[in-house]
Amino acid sequence: MNYILIEDHDSLESMIAQCADVKELAIDTEFIRQRTYYPILGLFQLYNGIDTYLIDPLAFDDLTPLWQLLDRHPVILHACSEDLDVFMTVANKFPDFFHDSQIAAAFAGLGSSLGFGGMVAHYQDIELDKGASRSNWLLRPLTETQLNYAAADVYHLLPCWEQLKAKLDELGYYEYYLQEVANLRQRRARKKQPESVYKQFKNASLLNQRQLATLQALGEWRETNATERDMAVNFVVKEAHLVEVARHQPTSLYDLGKLELLPIEIKRQGKRILQIVQQTSELNESQLPELLSRISDYPGYKKIVQELKTRIAQASEKTQIPAELIGSKKLMNELLSWVWKLDDNEKETAEKPLLLSNWRAEVVGNQLLEMLTKS
């Protein structure tokens with residue numbers, strides 16, 4: 001695999017000049033995100049249709065010219081959610097206009113989560129060696145195996161995208177696809193609210209209001225602690241252990257030791273955890289959060305979900321768009337929460353669920369809403 005390694009400003013400027021007149025850029029990132037809250041960029045790959053470039057971010061103090069280049073051309077990625085996290089970390093923004101070939105492949109009838117290797121095998125009849133994907137991208141020098149692997153990820157991406165784009169035009173789904181990419185961009189741009197993370201914790205709905213107040217405070221503290229220290233949240237304290245603390249309301253290190261917490265968690269964070277438990281125990285009833293109701297506990301939930309699945313499966317068969325893309329269980333629950341939990345006034349101001357937005361509404365969402373309002 002031929003590539004040009006970019007490790008100094010002169011070669012970076014030369015690369016940018018070579019990309020001035022191209023139509024699109026295929027890009028990818030290699031990063032490490034094992035113990036840190038934020039991803040650490042280890043390599044940036046770019047293919048302009050002529051040359052493949054591997055940019056070493058560890059060789060640069062400032063890659064602003066590269067981020068500016070990406071705003072001047074549509075960029076093609078594959079399964080780009082994590083890449084977008086990388087961009088927000090290193091450039092504090094997304095590229096102005098990006099494509100995701102995995103989403104395009106779903107609309108082309110190739111499944112809801114086609115991997116890059118599967119896409120290349122389908123469109124180019126090439127089996128890629130993915131052995132280097134989990135290697136250490138921060139260790140220098142990078143091996144020839146790593147560099148060839150990274151170069152292949154963008155070299156094969158552009159021709160696959162061109163075939164996907166032609167297929168979407170043929171099927172008439174390109175506009176649907178663009179709407180879905182816009183949905184992705186909007187979702188990934190939302191900043192996590194530390195005070196609300198507890199609502200996503202497993203088994204949080206089983207707690208009473210006092211316990212939820214503790215869990216909310218613990219979740220906010222852990223999220224803030226992790227971002228400030230750039231540490232993966234579960235390396236602060238595991239989520240399940242916070243739920244245990246909230247459930248049992250320990251008042252001493254001895255009490256903590258009887259729970260499932262790791263000794264290192266108690267040693268490093270035990271006193272702070274106990275402070276939070278004490279503080280939330282003193283809250284007035286009016287200061288406690290509302291109980292979390294699980295949508296699956298509503299009467300008739302299983303029967304309704306089965307009907308939704310049937311309608312979505314019928315829409316999938318008709319359109320050849322994967323049912324999982326049209327309406328996953330998460331999207332069905334989002335729709336049911338909007339219908340069942342909000343009154344008419346709240347629905348006017350609340351964000352519509354994805355099943356009632358843009359292409360999904362046209363394909364099946366409006367039909368689902370009519371069914372739910374009649375049931």
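Just a few scattered comments:
- The simple spin-label model puts a point 7 Å past each Cα toward its Cβ; for Ser113 and Met371 those points are separated by 2.4 nm.
- For segment 236-295 and segment 171-191, distance of Cα centres in Å: 39 Å
- Projecting label points 7 angstrom from Cα along Cα→Cβ for Lys93 and Phe235 puts them 3.0 nm apart.
- Long-range HN-HN contacts of Asp100 with modeled amide H, under 5 Å: Leu77
- Gap separating the Cα centres of segment 44-59 and segment 62-113, nearest whole Å: 15 Å
- GluC sites (Glu not before Pro) restricted to segment 69-159 and DSSP loop, no more than 14 other C-beta within 10 Å: Glu127
- Computed from the C-beta positions of Tyr298 and Glu82 and an R0 of 56 Å, the FRET efficiency is 0.95 to the nearest 0.05.
- Two-decimal Rg/Rh across segment 291-375, once Rg and the Kirkwood Rh are taken from alpha-carbon atoms: 0.95
- Only Lys, Arg, Asp and Glu carry charge here, each on its Cβ (+1 for the first two, -1 for the last two); on that basis the chain has a dipole of about 1900 debye about its Cα centre.
- Under-5 Å amide H pairs with Thr52, H placed in peptide plane, nonlocal only: Ile4
- Restricting segment 338-371 to GluC sites (Glu not before Pro) that sit in a DSSP loop and have at most 15 other Cβ atoms within 10 Å of their own Cβ leaves Glu351.
- Coordinate range of the alpha-carbon atoms in segment 194-287 per principal axis, descending: 34, 28, 21 Å.
- Inter-site label distance for Gln34 and His9 at 7 Å from Cα along Cβ, in nm: 3.4 nm
- Short-range pairs are left out: with C-alpha atoms under 8 Å and at least six residues apart, the relative contact order of the chain is 14 percent.
- Taking all pairs of distinct alpha-carbon atoms in segment 4-189, Kirkwood radius in angstrom: 16.9 Å
- Label corresponding to P(r) over Cα pairs in 20 Å bins from 0, in percent when calculated from the structure given, among (1) 24, 47, 28, 1; (2) 30, 57, 12, 1; (3) 29, 61, 10, 0: (1)
- For Glu260, neighbours were defined as the other residues whose beta-carbon sits under 10 Å from its Cβ, and their charges (Lys and Arg +1, Asp and Glu -1) total 0.
- Charge dipole of segment 4-189 about the Cα centre (unit charges at C-beta), most positive-ward option of Ala166, Gly118, Leu142: Gly118
- For the pair Val305 and His122, the difference between a 0.36 nm per residue extended length and the Cα-Cα distance amounts to 62.5 nm.
- Loop-resident trypsin sites (Lys or Arg not before Pro) (DSSP state other than H, G, I, E or B) in segment 293-343 with no more than 13 further Cβ atoms inside 10 Å of their Cβ: Arg294.
- Here the extension length gained between Ser328 and Glu162 equals 57.0 nm, from 0.36 nm per residue of separation less the Cα-Cα distance.
Read-outs: derived from the displayed coordinates by stated rules, not from any lab. Remember, predicted model here, so these are calculated numbers, not experimental data. Cβ: placed from backbone, ideal geometry, glycine included. Neighbour counts: every protein chain shown.
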